[in-house]
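Every read-out reported here was derived from the displayed coordinates using simple, explicitly stated rules and does not represent laboratory data. Keep in mind that what you see is a predicted model, and the values were worked out from it rather than measured. All Cβ positions, glycine included, derive from the backbone under ideal geometry; neighbour counts span all protein chains shown.
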Amino acid sequence: MKLIRVTASLPADLVEAIDRSESNRSRYLADLVRRDFARRRRAGFLESLRHPFKGSRALAEAGLKDWAANLPPDRASDLVDLNAGTPVKWVRGKGWIKLKK
C-alpha cells in the first residue's frame, strides 16, 4: 500500500495520550480513520433505509419470496434491463437524488 505523509494538528494532551497507549501513532490514527469511515457508511446506509427511494417501496412490500416465485425458470437475467431504470444516489442530508444517465 502506498503511503502519503500528512500533517495534522492535534492538541498536545491528545497526542501524549495516544503515545502513552499506542506504540505506532500513524497506524493507530489510520485505523481510527478507517473505523470512522465505516461508521459513517453504516450510518448513511441506515439513513437511506429509513427514507427509501419511492420506486423501491413496491418491490420491498411484495416480498422476496413472492418475487422469486414469479421468476421464469431460465434466463432470469433477461428480466433486468440496465438501461430502463432511474439511476439514483443517496446523498447525506439531501436524501435520494436522480443521477443523469
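Taking a cut-off of 26 Å between Cα atoms, list the lysines near K54, but don't count ones fewer than 8 places away on the same chain.
Cα-Cα hits under 26 Å: K65, K89, K94, K98, K100, K101.
Mind pulling the angle between the C-alpha long axis of helix 25-50 and the longest principal axis of the chain? Nearest 10 degrees, somewhere in 0 to 90.
Around 30 degrees separate the two axes.
From the helices alone, meaning DSSP H stretches of at least four residues, give me the mean residue ellipticity at 222 nm for the chain, per-run term -39500 (n - 2.57), in deg cm²/dmol to the nearest 500.
Value at 222 nm, helices only, nearest 500: -15000 deg cm²/dmol.
Starting from the 7 Å offset along Cα-to-Cβ, what nm value, one decimal, do you get for the label separation of R50 and K65?
For the pair R50/K65, the computed spacing is 3.0 nm.
When a footprinting reagent is the concern and you count Cβ atoms within 10 Å, what order do I97, I18 take, fewest first?
Fewest-to-most Cβ neighbours within 10 Å comes out as I97, I18.
What's the angle, to the nearest 10 degrees (0 to 90), between helix 12-21's Cα axis and the longest principal axis of the chain?
80 degrees
Go from 0 up to the bin containing the longest alpha carbon distance in the chain, width 5 Å each, and give me the % of pairs per bin.
So the P(r) values, bin by bin, are 2, 8, 11, 13, 12, 10, 10, 9, 7, 7, 6, 3, 1, 0.
Determine the relative contact order of the chain: mean sequence separation of Cα pairs under 8 Å and six or more apart, normalised by residue count, in whole percent.
It rounds to 18 percent for the chain.
What is the sum of charges around L32, taking Lys and Arg as +1, Asp and Glu as -1, for the other residues whose C-beta is under 13 Å from the C-beta of L32?
That sum, taken over residues with Cβ under 13 Å, equals +3.
Take the Cβ-Cβ distance between R42 and V15 as r, set R0 to 22 Å, and report the resulting FRET efficiency rounded to the nearest 0.05.
After rounding, the FRET efficiency stands at 0.20.
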